[in-house]
1. What nm value, rounded to one decimal, do you get for the distance between Asp484 and Arg274 when each label is placed 7 Å out toward the C-beta?
2. Amide H neighbours of Glu308 under 5 Å, counting only residues 5+ apart in sequence or on other chains, H built in-plane at 1.01 Å?
3. With a cut-off of 18 Å, note down the residues of the range 330-364 whose backbone N falls inside the zone around a label point 7 Å from the Cα of Ala394 toward its beta carbon.
4. How high is the FRET efficiency between Gln214 and Arg284 when r is their beta carbon distance and R₀ equals 56 Å, given to the nearest 0.05?
5. Between Leu403 and Ala119, what is the label-to-label distance in nm when each label sits 7 Å out along the Cα-to-Cβ direction?
6. Compute the length gained on full extension between Thr94 and Asp258: take 0.36 nm times their separation in residues and subtract their Cα-Cα distance, giving the result in nm to one decimal.
7. Carbon-plus-sulfur fraction of the accessible area of the chain, 1.4 Å probe, in percent?
8. With the cut-off at 1.5 for a/c, could you classify the chain from its C-alpha gyration tensor as rounded, prolate or oblate?
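The values are calculated or read from the model by the stated rules, or taken from the named source; none is laboratory data. Being a predicted model, the structure only gives us computed values, none of them experimental. For neighbour counting, all protein chains shown are included, and Cβ atoms are generated from backbone atoms with ideal geometry for every residue, glycine included. Remember, those area values only see protein heavy atoms, side chains included, never the ligands or the DNA or RNA. Shrake-Rupley method; radii C 1.70, N 1.55, O 1.52, S 1.80 Å.
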Amino acid sequence: MSVDDNTPVLRGCIKLPLPEDELLEVTAKAKDYAIMHGAAMRSKTNFSPDSLNFAPFVLVPSSFPRKEFEKAIALQPIINRLMHNVAHDEEFITTTLAETIKVDEFTANLFNIYRKALAHGFTQPISLGMLRSDLMLESRCRDMSMCSSSSSGGKDNDAKEKQEAKAKKTTKVGVARGISTSLGCWKQVEINTIASGFGHLGPASKTIQRFVLQELGHSDKLQHMPKNEALSGLCDGMVKAWDIYAKPQSVILFIIEDVSYNICDQRFHEFYIRETYPHIKVLRRTLTDVHREGKLGQHKELLLNNTEVAVIYFRAGYEPGHYPSQGEWDARYLMETSLAIKCPSIHYHLAGTKKVQQALAQPAVLERFINDPEEIKAVGKIFTGLYSLDDNEAGNANYEMALQTPQNFVLKPQREGGGNNVYGLDIPDALKRMSRVERSAWILMDLIHPPLSQGYMVRPGGKMPPEIVDMVSELGIFGVVIGDADHIVHNYQAGHMLRTKLSTANEGGVAAGLGALDSPYLIDSDDEDGYF
Ligand code: ADP
Ligand code: MG
(Lines give C-alpha, C1' and ligand atoms only; values in the text may rest on other atoms or scores of the structure.)
(Ligands and ions follow the chains in the order given, each with its own letter.)
Protein backbone atom coordinates (compact mmCIF):
# COMPACT_ATOMS: atom_id res chain seq x y z
CA MET A 1 0.00 0.00 0.00
CA SER A 2 1.15 3.52 -0.69
CA VAL A 3 1.73 4.57 2.90
CA ASP A 4 4.77 6.47 4.08
CA ASP A 5 5.82 8.77 6.92
CA ASN A 6 3.96 11.61 5.25
CA THR A 7 0.63 9.84 5.15
CA PRO A 8 -1.84 11.85 7.22
CA VAL A 9 -3.70 10.25 10.09
CA LEU A 10 -7.37 10.97 10.67
CA ARG A 11 -8.17 11.89 14.24
CA GLY A 12 -9.92 9.08 16.07
CA CYS A 13 -13.39 8.96 17.51
CA ILE A 14 -12.23 8.24 21.08
CA LYS A 15 -8.95 8.45 22.93
CA LEU A 16 -6.76 5.39 22.50
CA PRO A 17 -5.21 3.26 23.86
CA LEU A 18 -7.86 1.90 26.18
CA PRO A 19 -6.73 0.57 29.57
CA GLU A 20 -5.88 -3.10 29.10
CA ASP A 21 -8.53 -4.55 31.42
CA GLU A 22 -11.26 -2.44 29.85
CA LEU A 23 -10.05 -3.39 26.36
CA LEU A 24 -10.06 -7.11 27.16
CA GLU A 25 -13.54 -6.96 28.60
CA VAL A 26 -15.14 -4.92 25.84
CA THR A 27 -13.44 -6.93 23.07
CA ALA A 28 -14.64 -10.26 24.47
CA LYS A 29 -18.15 -8.83 24.78
CA ALA A 30 -18.05 -7.35 21.27
CA LYS A 31 -17.02 -10.70 19.75
CA ASP A 32 -20.06 -12.40 21.26
CA TYR A 33 -22.24 -9.44 20.31
CA ALA A 34 -21.02 -9.76 16.70
CA ILE A 35 -21.83 -13.48 16.45
CA MET A 36 -25.18 -13.00 18.13
CA HIS A 37 -26.13 -10.17 15.74
CA GLY A 38 -25.08 -11.95 12.60
CA ALA A 39 -21.83 -10.09 11.97
CA ALA A 40 -20.40 -13.47 11.17
CA MET A 41 -19.04 -15.79 8.49
CA ARG A 42 -18.34 -19.47 7.98
CA SER A 43 -14.77 -20.42 8.77
CA LYS A 44 -12.62 -21.13 5.72
CA THR A 45 -10.00 -23.06 7.67
CA ASN A 46 -12.46 -25.06 9.73
CA PHE A 47 -15.59 -25.06 7.59
CA SER A 48 -18.84 -26.35 8.97
CA PRO A 49 -22.32 -25.51 7.71
CA ASP A 50 -23.40 -25.75 11.35
CA SER A 51 -21.29 -22.97 12.82
CA LEU A 52 -20.19 -19.37 12.42
CA ASN A 53 -17.20 -17.26 13.40
CA PHE A 54 -17.57 -13.58 14.03
CA ALA A 55 -16.39 -11.57 11.02
CA PRO A 56 -13.23 -9.50 11.63
CA PHE A 57 -14.19 -6.03 12.81
CA VAL A 58 -12.68 -2.75 13.93
CA LEU A 59 -13.58 -2.10 17.55
CA VAL A 60 -14.57 1.56 17.28
CA PRO A 61 -15.70 3.31 14.09
CA SER A 62 -13.08 4.87 11.82
CA SER A 63 -13.29 8.55 11.03
CA PHE A 64 -14.49 9.74 7.66
CA PRO A 65 -14.97 13.37 6.59
CA ARG A 66 -18.63 14.26 6.76
CA LYS A 67 -18.64 16.45 3.65
CA GLU A 68 -17.10 13.74 1.50
CA PHE A 69 -19.52 11.16 2.90
CA GLU A 70 -22.49 13.39 2.15
CA LYS A 71 -21.25 14.10 -1.35
CA ALA A 72 -20.91 10.40 -2.04
CA ILE A 73 -24.44 9.74 -0.79
CA ALA A 74 -25.87 12.61 -2.86
CA LEU A 75 -24.05 11.50 -6.00
CA GLN A 76 -25.26 7.89 -5.94
CA PRO A 77 -28.55 8.38 -7.84
CA ILE A 78 -26.55 10.13 -10.60
CA ILE A 79 -24.12 7.21 -10.72
CA ASN A 80 -27.09 4.83 -10.83
CA ARG A 81 -28.51 6.67 -13.83
CA LEU A 82 -25.09 6.80 -15.49
CA MET A 83 -24.63 3.04 -15.15
CA HIS A 84 -28.17 2.39 -16.34
CA ASN A 85 -27.54 4.44 -19.46
CA VAL A 86 -24.15 2.82 -20.06
CA ALA A 87 -25.68 -0.66 -19.74
CA HIS A 88 -28.21 0.22 -22.42
CA ASP A 89 -25.71 1.66 -24.89
CA GLU A 90 -24.97 -1.27 -27.17
CA GLU A 91 -22.51 0.63 -29.30
CA PHE A 92 -20.49 1.87 -26.33
CA ILE A 93 -20.30 -1.54 -24.63
CA THR A 94 -19.37 -3.25 -27.88
CA THR A 95 -16.64 -0.81 -28.89
CA THR A 96 -15.23 -0.49 -25.39
CA LEU A 97 -14.85 -4.23 -24.91
CA ALA A 98 -13.80 -5.03 -28.49
CA GLU A 99 -10.08 -5.46 -27.76
CA THR A 100 -10.56 -6.99 -24.33
CA ILE A 101 -12.74 -9.86 -25.51
CA LYS A 102 -10.12 -10.89 -28.05
CA VAL A 103 -7.85 -11.96 -25.21
CA ASP A 104 -9.98 -12.32 -22.08
CA GLU A 105 -11.95 -15.54 -22.37
CA PHE A 106 -14.19 -14.90 -19.37
CA THR A 107 -15.32 -11.47 -20.56
CA ALA A 108 -15.68 -12.92 -24.06
CA ASN A 109 -18.05 -15.60 -22.71
CA LEU A 110 -20.16 -12.95 -21.00
CA PHE A 111 -20.09 -10.85 -24.13
CA ASN A 112 -21.22 -13.84 -26.18
CA ILE A 113 -24.31 -14.19 -24.01
CA TYR A 114 -24.93 -10.47 -24.54
CA ARG A 115 -24.53 -10.80 -28.29
CA LYS A 116 -26.89 -13.77 -28.51
CA ALA A 117 -29.47 -12.07 -26.27
CA LEU A 118 -29.25 -8.95 -28.42
CA ALA A 119 -29.73 -10.95 -31.59
CA HIS A 120 -32.92 -12.53 -30.24
CA GLY A 121 -34.15 -9.36 -28.55
CA PHE A 122 -34.24 -9.09 -24.74
CA THR A 123 -37.22 -11.05 -23.43
CA GLN A 124 -37.34 -8.94 -20.28
CA PRO A 125 -36.75 -5.24 -20.97
CA ILE A 126 -36.53 -4.33 -17.26
CA SER A 127 -33.26 -4.61 -15.34
CA LEU A 128 -32.68 -4.46 -11.61
CA GLY A 129 -29.42 -2.72 -10.77
CA MET A 130 -28.13 -3.11 -7.21
CA LEU A 131 -24.85 -1.27 -7.44
CA ARG A 132 -22.08 -0.48 -5.03
CA SER A 133 -19.76 2.38 -5.78
CA ASP A 134 -16.49 1.83 -3.88
CA LEU A 135 -14.33 4.78 -2.99
CA MET A 136 -11.32 5.83 -1.01
CA LEU A 137 -10.18 9.18 0.27
CA GLU A 138 -7.28 10.62 -1.66
CA SER A 139 -5.15 12.43 0.89
CA ARG A 140 -3.00 13.96 -1.85
CA CYS A 141 -6.02 15.55 -3.43
CA ARG A 142 -5.11 18.69 -5.28
CA ASP A 143 -8.59 19.51 -6.38
CA MET A 144 -9.64 21.70 -3.48
CA SER A 145 -13.08 22.34 -4.88
CA MET A 146 -13.99 18.73 -4.08
CA CYS A 147 -12.22 18.75 -0.74
CA SER A 148 -13.40 19.69 2.67
CA SER A 149 -12.13 23.07 3.69
CA SER A 150 -8.78 23.28 5.39
CA SER A 151 -8.61 23.73 9.11
CA SER A 152 -4.92 24.19 9.47
CA GLY A 153 -3.45 25.62 6.36
CA GLY A 154 -1.38 28.09 8.33
CA LYS A 155 0.55 25.39 10.08
CA ASP A 156 2.45 24.25 7.04
CA ASN A 157 5.79 25.29 8.36
CA ASP A 158 5.36 24.36 11.94
CA ALA A 159 8.28 21.98 12.16
CA LYS A 160 7.87 21.42 15.88
CA GLU A 161 4.31 20.24 15.56
CA LYS A 162 5.31 18.00 12.69
CA GLN A 163 8.08 16.45 14.71
CA GLU A 164 5.88 15.93 17.73
CA ALA A 165 3.22 14.39 15.62
CA LYS A 166 5.69 12.02 14.04
CA ALA A 167 6.99 11.07 17.45
CA LYS A 168 3.44 10.13 18.39
CA LYS A 169 3.23 8.48 14.96
CA THR A 170 0.05 10.36 14.36
CA THR A 171 -0.92 13.81 13.30
CA LYS A 172 -3.94 15.86 12.56
CA VAL A 173 -4.96 15.69 8.98
CA GLY A 174 -4.29 18.94 7.29
CA VAL A 175 -1.03 19.44 9.08
CA ALA A 176 1.17 20.04 6.33
CA ARG A 177 2.74 17.63 4.11
CA GLY A 178 3.51 20.07 1.37
CA ILE A 179 0.40 18.79 -0.32
CA SER A 180 -3.16 19.78 0.37
CA THR A 181 -4.41 20.70 3.79
CA SER A 182 -7.78 19.01 3.80
CA LEU A 183 -9.41 15.84 4.98
CA GLY A 184 -8.97 14.51 1.45
CA CYS A 185 -11.42 14.10 -1.37
CA TRP A 186 -12.79 10.77 -2.44
CA LYS A 187 -12.03 8.90 -5.62
CA GLN A 188 -13.85 5.93 -7.07
CA VAL A 189 -12.04 2.60 -6.73
CA GLU A 190 -14.57 0.67 -8.78
CA ILE A 191 -18.26 0.28 -9.40
CA ASN A 192 -19.83 -3.11 -8.77
CA THR A 193 -22.88 -4.17 -10.74
CA ILE A 194 -22.92 -7.85 -9.71
CA ALA A 195 -23.03 -9.45 -6.25
CA SER A 196 -22.54 -6.15 -4.42
CA GLY A 197 -22.15 -7.55 -0.93
CA PHE A 198 -22.39 -6.15 2.63
CA GLY A 199 -26.01 -5.05 2.51
CA HIS A 200 -26.34 -6.80 5.86
CA LEU A 201 -22.75 -6.60 7.14
CA GLY A 202 -22.63 -2.84 6.52
CA PRO A 203 -25.42 -2.02 8.98
CA ALA A 204 -24.31 -4.89 11.28
CA SER A 205 -20.89 -3.22 11.64
CA LYS A 206 -22.58 -0.12 12.95
CA THR A 207 -24.59 -2.24 15.40
CA ILE A 208 -21.43 -3.71 16.95
CA GLN A 209 -19.58 -0.41 17.12
CA ARG A 210 -22.58 1.40 18.57
CA PHE A 211 -22.70 -1.22 21.32
CA VAL A 212 -18.96 -0.86 21.97
CA LEU A 213 -19.11 2.93 22.18
CA GLN A 214 -22.02 2.69 24.60
CA GLU A 215 -20.18 0.14 26.73
CA LEU A 216 -17.20 2.47 26.84
CA GLY A 217 -19.37 5.36 28.01
CA HIS A 218 -19.35 7.30 24.74
CA SER A 219 -23.04 7.43 23.87
CA ASP A 220 -22.55 11.08 22.94
CA LYS A 221 -20.57 9.93 19.89
CA LEU A 222 -23.39 7.90 18.39
CA GLN A 223 -24.95 10.93 16.71
CA HIS A 224 -21.95 11.01 14.34
CA MET A 225 -22.61 7.51 13.03
CA PRO A 226 -24.89 7.93 9.99
CA LYS A 227 -27.99 5.80 9.59
CA ASN A 228 -27.52 2.82 7.36
CA GLU A 229 -30.51 1.06 5.87
CA ALA A 230 -28.66 -0.94 3.26
CA LEU A 231 -30.37 -4.26 3.95
CA SER A 232 -33.92 -2.98 3.61
CA GLY A 233 -32.94 -0.66 0.74
CA LEU A 234 -31.51 -3.51 -1.33
CA CYS A 235 -34.16 -6.09 -0.45
CA ASP A 236 -36.95 -3.60 -1.14
CA GLY A 237 -35.35 -3.17 -4.57
CA MET A 238 -35.77 -6.89 -5.21
CA VAL A 239 -39.35 -6.70 -4.02
CA LYS A 240 -40.10 -3.71 -6.28
CA ALA A 241 -38.83 -5.80 -9.20
CA TRP A 242 -41.01 -8.70 -8.02
CA ASP A 243 -44.00 -6.32 -7.97
CA ILE A 244 -43.25 -5.25 -11.55
CA TYR A 245 -43.17 -8.90 -12.62
CA ALA A 246 -46.64 -9.13 -11.08
CA LYS A 247 -47.24 -12.87 -10.65
CA PRO A 248 -48.30 -13.74 -7.09
CA GLN A 249 -46.90 -17.29 -7.12
CA SER A 250 -43.50 -16.38 -8.53
CA VAL A 251 -40.34 -16.41 -6.39
CA ILE A 252 -37.05 -14.57 -5.98
CA LEU A 253 -34.04 -16.73 -6.86
CA PHE A 254 -30.59 -16.18 -5.31
CA ILE A 255 -27.77 -17.60 -7.44
CA ILE A 256 -25.12 -18.78 -4.98
CA GLU A 257 -21.66 -20.32 -4.96
CA ASP A 258 -21.19 -24.01 -4.16
CA VAL A 259 -20.07 -22.97 -0.66
CA SER A 260 -21.18 -19.64 0.80
CA TYR A 261 -18.69 -18.49 3.41
CA ASN A 262 -20.29 -15.04 3.56
CA ILE A 263 -23.57 -16.66 4.51
CA CYS A 264 -24.96 -13.96 6.83
CA ASP A 265 -24.74 -11.42 4.05
CA GLN A 266 -27.13 -13.56 2.00
CA ARG A 267 -29.39 -15.16 4.58
CA PHE A 268 -30.23 -11.84 6.20
CA HIS A 269 -31.47 -10.64 2.80
CA GLU A 270 -33.59 -13.74 2.51
CA PHE A 271 -34.90 -13.50 6.08
CA TYR A 272 -35.69 -9.79 5.70
CA ILE A 273 -37.76 -10.53 2.60
CA ARG A 274 -39.52 -13.50 4.22
CA GLU A 275 -40.30 -11.56 7.40
CA THR A 276 -41.36 -8.31 5.73
CA TYR A 277 -43.14 -9.84 2.72
CA PRO A 278 -44.11 -13.38 3.83
CA HIS A 279 -46.01 -13.96 0.59
CA ILE A 280 -42.74 -13.87 -1.42
CA LYS A 281 -40.64 -17.03 -1.41
CA VAL A 282 -36.86 -17.05 -1.83
CA LEU A 283 -34.96 -19.94 -3.41
CA ARG A 284 -31.19 -20.46 -3.36
CA ARG A 285 -29.58 -22.34 -6.24
CA THR A 286 -26.12 -22.69 -7.78
CA LEU A 287 -25.58 -22.22 -11.51
CA THR A 288 -25.15 -26.00 -11.66
CA ASP A 289 -28.57 -26.49 -10.01
CA VAL A 290 -30.18 -24.12 -12.53
CA HIS A 291 -28.60 -26.07 -15.36
CA ARG A 292 -30.14 -29.24 -13.96
CA GLU A 293 -33.57 -27.94 -12.91
CA GLY A 294 -34.20 -24.92 -15.08
CA LYS A 295 -36.26 -24.61 -18.23
CA LEU A 296 -38.26 -21.96 -20.05
CA GLY A 297 -42.05 -22.00 -20.08
CA GLN A 298 -44.38 -21.11 -22.92
CA HIS A 299 -43.81 -17.39 -22.51
CA LYS A 300 -40.13 -17.80 -21.66
CA GLU A 301 -40.80 -17.78 -17.92
CA LEU A 302 -37.91 -19.27 -15.97
CA LEU A 303 -39.18 -22.43 -14.30
CA LEU A 304 -37.29 -24.32 -11.62
CA ASN A 305 -39.11 -27.62 -11.18
CA ASN A 306 -42.25 -25.75 -12.26
CA THR A 307 -41.80 -22.86 -9.83
CA GLU A 308 -41.78 -19.58 -11.73
CA VAL A 309 -38.94 -17.16 -11.01
CA ALA A 310 -39.72 -13.43 -11.06
CA VAL A 311 -36.34 -12.01 -9.98
CA ILE A 312 -32.83 -13.45 -10.14
CA TYR A 313 -30.26 -12.03 -7.71
CA PHE A 314 -26.74 -13.13 -8.64
CA ARG A 315 -24.40 -13.60 -5.67
CA ALA A 316 -22.23 -15.79 -7.92
CA GLY A 317 -21.33 -15.82 -11.59
CA TYR A 318 -18.74 -13.04 -11.50
CA GLU A 319 -15.60 -15.16 -11.76
CA PRO A 320 -14.43 -18.01 -13.99
CA GLY A 321 -14.42 -20.53 -11.10
CA HIS A 322 -18.20 -20.17 -10.85
CA TYR A 323 -18.52 -21.78 -14.30
CA PRO A 324 -16.74 -25.16 -13.94
CA SER A 325 -18.32 -26.49 -17.14
CA GLN A 326 -20.34 -25.42 -20.16
CA GLY A 327 -23.45 -26.35 -18.15
CA GLU A 328 -23.09 -23.26 -15.92
CA TRP A 329 -22.66 -21.02 -18.97
CA ASP A 330 -25.77 -22.59 -20.49
CA ALA A 331 -27.63 -21.88 -17.24
CA ARG A 332 -26.54 -18.23 -17.35
CA TYR A 333 -27.75 -17.95 -20.93
CA LEU A 334 -31.04 -19.67 -20.10
CA MET A 335 -31.66 -17.13 -17.33
CA GLU A 336 -30.64 -14.25 -19.55
CA THR A 337 -33.15 -15.19 -22.24
CA SER A 338 -35.92 -15.76 -19.70
CA LEU A 339 -38.65 -13.36 -18.65
CA ALA A 340 -37.24 -13.09 -15.13
CA ILE A 341 -35.86 -9.69 -14.05
CA LYS A 342 -32.17 -10.10 -13.52
CA CYS A 343 -29.82 -8.43 -11.05
CA PRO A 344 -27.73 -7.93 -13.02
CA SER A 345 -28.86 -8.48 -16.57
CA ILE A 346 -25.91 -9.29 -18.81
CA HIS A 347 -25.53 -5.72 -20.07
CA TYR A 348 -25.38 -4.42 -16.49
CA HIS A 349 -22.73 -7.03 -15.73
CA LEU A 350 -20.63 -5.86 -18.69
CA ALA A 351 -21.16 -2.20 -17.74
CA GLY A 352 -19.46 -2.99 -14.43
CA THR A 353 -16.21 -4.20 -16.00
CA LYS A 354 -13.02 -2.32 -15.22
CA LYS A 355 -12.57 -1.66 -18.93
CA VAL A 356 -15.86 0.22 -19.06
CA GLN A 357 -14.90 2.19 -15.93
CA GLN A 358 -11.65 3.16 -17.63
CA ALA A 359 -13.47 4.26 -20.78
CA LEU A 360 -15.94 6.35 -18.77
CA ALA A 361 -13.11 8.29 -17.16
CA GLN A 362 -11.87 9.57 -20.54
CA PRO A 363 -12.60 13.22 -21.34
CA ALA A 364 -15.98 13.97 -22.94
CA VAL A 365 -17.29 10.41 -22.59
CA LEU A 366 -19.66 11.27 -19.75
CA GLU A 367 -21.49 13.70 -22.02
CA ARG A 368 -22.79 10.73 -23.90
CA PHE A 369 -24.67 9.52 -20.81
CA ILE A 370 -25.41 12.54 -18.65
CA ASN A 371 -27.12 15.74 -19.86
CA ASP A 372 -26.66 18.12 -16.96
CA PRO A 373 -23.24 19.89 -17.10
CA GLU A 374 -23.10 20.18 -13.29
CA GLU A 375 -23.64 16.44 -12.93
CA ILE A 376 -20.96 15.74 -15.54
CA LYS A 377 -18.57 17.89 -13.55
CA ALA A 378 -19.41 16.21 -10.26
CA VAL A 379 -19.02 12.68 -11.67
CA GLY A 380 -15.86 13.59 -13.60
CA LYS A 381 -14.18 14.57 -10.34
CA ILE A 382 -14.54 11.17 -8.74
CA PHE A 383 -12.34 9.47 -11.31
CA THR A 384 -8.68 9.16 -10.64
CA GLY A 385 -6.41 8.53 -13.65
CA LEU A 386 -7.50 5.42 -15.56
CA TYR A 387 -5.49 4.30 -18.58
CA SER A 388 -6.05 1.87 -21.42
CA LEU A 389 -3.38 -0.69 -22.28
CA ASP A 390 -4.87 -1.48 -25.70
CA ASP A 391 -2.43 -2.13 -28.49
CA ASN A 392 -2.46 1.34 -30.00
CA GLU A 393 -0.45 4.53 -29.67
CA ALA A 394 -2.09 5.73 -26.45
CA GLY A 395 -2.07 2.25 -24.91
CA ASN A 396 1.59 1.75 -25.68
CA ALA A 397 2.48 5.14 -24.19
CA ASN A 398 0.59 4.15 -21.04
CA TYR A 399 2.53 0.89 -20.99
CA GLU A 400 5.82 2.82 -21.05
CA MET A 401 4.55 5.11 -18.29
CA ALA A 402 3.75 2.07 -16.12
CA LEU A 403 7.23 0.63 -16.66
CA GLN A 404 8.87 3.91 -15.72
CA THR A 405 6.82 4.89 -12.67
CA PRO A 406 5.12 1.68 -11.50
CA GLN A 407 4.91 2.94 -7.92
CA ASN A 408 2.10 5.27 -9.00
CA PHE A 409 -0.24 2.59 -10.33
CA VAL A 410 -2.46 -0.43 -9.86
CA LEU A 411 -2.85 -2.88 -12.75
CA LYS A 412 -6.30 -4.48 -12.99
CA PRO A 413 -7.74 -7.33 -15.05
CA GLN A 414 -11.45 -7.79 -15.85
CA ARG A 415 -12.20 -9.67 -12.64
CA GLU A 416 -14.21 -9.19 -9.48
CA GLY A 417 -13.95 -10.51 -5.98
CA GLY A 418 -10.50 -9.35 -4.94
CA GLY A 419 -6.98 -10.72 -5.19
CA ASN A 420 -6.55 -10.16 -8.93
CA ASN A 421 -4.75 -6.82 -9.13
CA VAL A 422 -1.02 -6.12 -9.41
CA TYR A 423 0.43 -3.26 -7.39
CA GLY A 424 3.30 -0.81 -7.77
CA LEU A 425 6.72 -2.34 -8.22
CA ASP A 426 5.26 -5.72 -9.23
CA ILE A 427 3.73 -4.16 -12.33
CA PRO A 428 6.74 -4.13 -14.73
CA ASP A 429 7.36 -7.88 -14.39
CA ALA A 430 3.66 -8.64 -14.82
CA LEU A 431 3.43 -6.43 -17.90
CA LYS A 432 6.59 -7.80 -19.47
CA ARG A 433 5.19 -11.33 -19.23
CA MET A 434 2.23 -10.27 -21.42
CA SER A 435 2.13 -9.94 -25.16
CA ARG A 436 0.97 -6.60 -26.63
CA VAL A 437 -2.50 -7.97 -27.23
CA GLU A 438 -2.75 -9.63 -23.83
CA ARG A 439 -2.24 -6.23 -22.22
CA SER A 440 -5.60 -5.05 -23.55
CA ALA A 441 -7.34 -7.34 -21.04
CA TRP A 442 -5.95 -5.06 -18.30
CA ILE A 443 -6.28 -1.44 -17.30
CA LEU A 444 -3.95 0.82 -15.39
CA MET A 445 -5.15 3.04 -12.57
CA ASP A 446 -3.55 5.74 -10.43
CA LEU A 447 -2.88 4.48 -6.94
CA ILE A 448 -5.07 6.25 -4.37
CA HIS A 449 -3.36 7.34 -1.13
CA PRO A 450 -5.92 7.15 1.66
CA PRO A 451 -5.22 8.72 5.04
CA LEU A 452 -4.53 6.40 7.96
CA SER A 453 -6.70 5.75 10.95
CA GLN A 454 -5.58 3.96 14.08
CA GLY A 455 -7.53 1.45 16.06
CA TYR A 456 -8.03 -2.12 17.21
CA MET A 457 -8.75 -4.78 14.63
CA VAL A 458 -10.40 -7.85 16.12
CA ARG A 459 -10.08 -11.18 14.27
CA PRO A 460 -11.11 -14.75 15.06
CA GLY A 461 -8.07 -16.38 16.65
CA GLY A 462 -6.35 -12.98 16.84
CA LYS A 463 -4.19 -11.66 19.66
CA MET A 464 -5.97 -10.70 22.89
CA PRO A 465 -6.01 -7.93 23.72
CA PRO A 466 -5.68 -6.57 20.18
CA GLU A 467 -2.95 -4.04 19.45
CA ILE A 468 -3.37 -0.60 17.94
CA VAL A 469 -2.66 -0.79 14.21
CA ASP A 470 -2.50 1.62 11.27
CA MET A 471 -5.42 1.10 8.94
CA VAL A 472 -7.03 2.47 5.79
CA SER A 473 -10.70 2.37 4.84
CA GLU A 474 -12.79 1.96 1.74
CA LEU A 475 -16.37 3.16 1.65
CA GLY A 476 -19.05 1.55 -0.53
CA ILE A 477 -22.29 3.34 -1.36
CA PHE A 478 -25.22 1.21 -2.47
CA GLY A 479 -27.66 2.25 -5.15
CA VAL A 480 -30.80 0.68 -6.58
CA VAL A 481 -32.02 1.43 -10.08
CA ILE A 482 -34.85 -0.27 -11.95
CA GLY A 483 -35.97 0.45 -15.48
CA ASP A 484 -35.74 -0.37 -19.17
CA ALA A 485 -33.81 1.26 -22.00
CA ASP A 486 -36.16 4.26 -22.09
CA HIS A 487 -37.41 4.76 -18.54
CA ILE A 488 -36.09 4.53 -15.03
CA VAL A 489 -38.89 3.67 -12.63
CA HIS A 490 -36.94 3.53 -9.35
CA ASN A 491 -33.64 5.18 -8.53
CA TYR A 492 -32.32 5.65 -5.01
CA GLN A 493 -29.28 5.52 -2.78
CA ALA A 494 -29.50 2.51 -0.46
CA GLY A 495 -27.07 2.74 2.44
CA HIS A 496 -23.36 2.09 2.72
CA MET A 497 -20.60 -0.16 4.02
CA LEU A 498 -17.10 0.56 5.27
CA ARG A 499 -14.25 -1.95 5.05
CA THR A 500 -10.95 -1.33 6.74
CA LYS A 501 -7.63 -3.08 6.23
CA LEU A 502 -4.12 -2.87 7.64
CA SER A 503 -2.30 -0.01 5.98
CA THR A 504 0.34 -2.46 4.75
CA ALA A 505 -2.17 -4.61 2.81
CA ASN A 506 -2.90 -3.96 -0.84
CA GLU A 507 -6.44 -5.28 -0.71
CA GLY A 508 -9.02 -5.51 1.99
CA GLY A 509 -11.70 -8.06 1.15
CA VAL A 510 -13.35 -9.13 4.41
CA ALA A 511 -14.54 -12.43 2.96
CA ALA A 512 -11.00 -12.91 1.59
CA GLY A 513 -9.69 -12.54 5.16
CA LEU A 514 -7.81 -9.25 4.76
CA GLY A 515 -10.26 -6.59 5.75
CA ALA A 516 -12.47 -5.91 8.71
CA LEU A 517 -16.01 -4.63 9.15
CA ASP A 518 -16.18 -0.99 10.06
CA SER A 519 -18.54 1.96 9.84
CA PRO A 520 -17.94 5.65 9.40
CA TYR A 521 -17.65 8.13 12.25
CA LEU A 522 -18.26 11.46 10.57
CA ILE A 523 -15.87 14.28 11.36
CA ASP A 524 -15.73 17.90 10.24
CA SER A 525 -12.52 19.61 9.29
CA ASP A 526 -13.16 22.41 11.77
CA ASP A 527 -14.10 20.02 14.51
CA GLU A 528 -11.37 20.46 17.12
CA ASP A 529 -12.65 18.19 19.87
CA GLY A 530 -11.38 14.93 18.41
CA TYR A 531 -8.45 12.87 19.65
CA PHE A 532 -5.20 12.41 17.87
P1 ADP B 1 -12.24 -6.21 -7.18
O2 ADP B 1 -13.23 -6.16 -8.27
O3 ADP B 1 -11.39 -7.42 -7.18
O4 ADP B 1 -12.86 -5.91 -5.85
P5 ADP B 1 -11.03 -3.57 -7.00
O6 ADP B 1 -10.82 -2.67 -8.13
O7 ADP B 1 -12.12 -3.19 -6.05
O8 ADP B 1 -11.21 -5.03 -7.53
O9 ADP B 1 -9.68 -3.69 -6.19
C10 ADP B 1 -9.55 -4.52 -5.05
C11 ADP B 1 -8.97 -3.73 -3.89
O12 ADP B 1 -7.71 -3.18 -4.26
C13 ADP B 1 -9.80 -2.53 -3.48
O14 ADP B 1 -10.83 -2.92 -2.59
C15 ADP B 1 -8.77 -1.64 -2.85
O16 ADP B 1 -8.49 -2.04 -1.52
C17 ADP B 1 -7.53 -1.90 -3.69
N18 ADP B 1 -7.45 -0.90 -4.79
C19 ADP B 1 -8.05 -0.98 -6.00
N20 ADP B 1 -7.80 0.10 -6.76
C21 ADP B 1 -7.00 0.89 -6.02
C22 ADP B 1 -6.37 2.16 -6.25
N23 ADP B 1 -6.53 2.80 -7.40
N24 ADP B 1 -5.62 2.68 -5.27
C25 ADP B 1 -5.45 2.03 -4.09
N26 ADP B 1 -6.01 0.83 -3.81
C27 ADP B 1 -6.78 0.25 -4.75
MG1 MG C 1 -13.71 -4.23 -5.23
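1. 3.4
2. Val251
3. Taking a point 7 Å out along Cα→Cβ of Ala394, the residues of the range 330-364 whose backbone N falls under 18 Å are 353-364.
4. Working: r = 35 Å, r/R0 = 0.63.
For Gln214 and Arg284, the calculated efficiency is 0.95.
5. 4.0
6. Stretched out fully, the Thr94 to Asp258 stretch lengthens by 55.9 nm.
7. Details: 10560 of 21430 Å².
Ligands and nucleic acids excluded, carbon and sulfur reach 49 percent.
8. Numbers: a/c = 1.80, a/b = 1.30, b/c = 1.38.
Oblate, because a/c is 1.5 or more while a/b does not exceed b/c.
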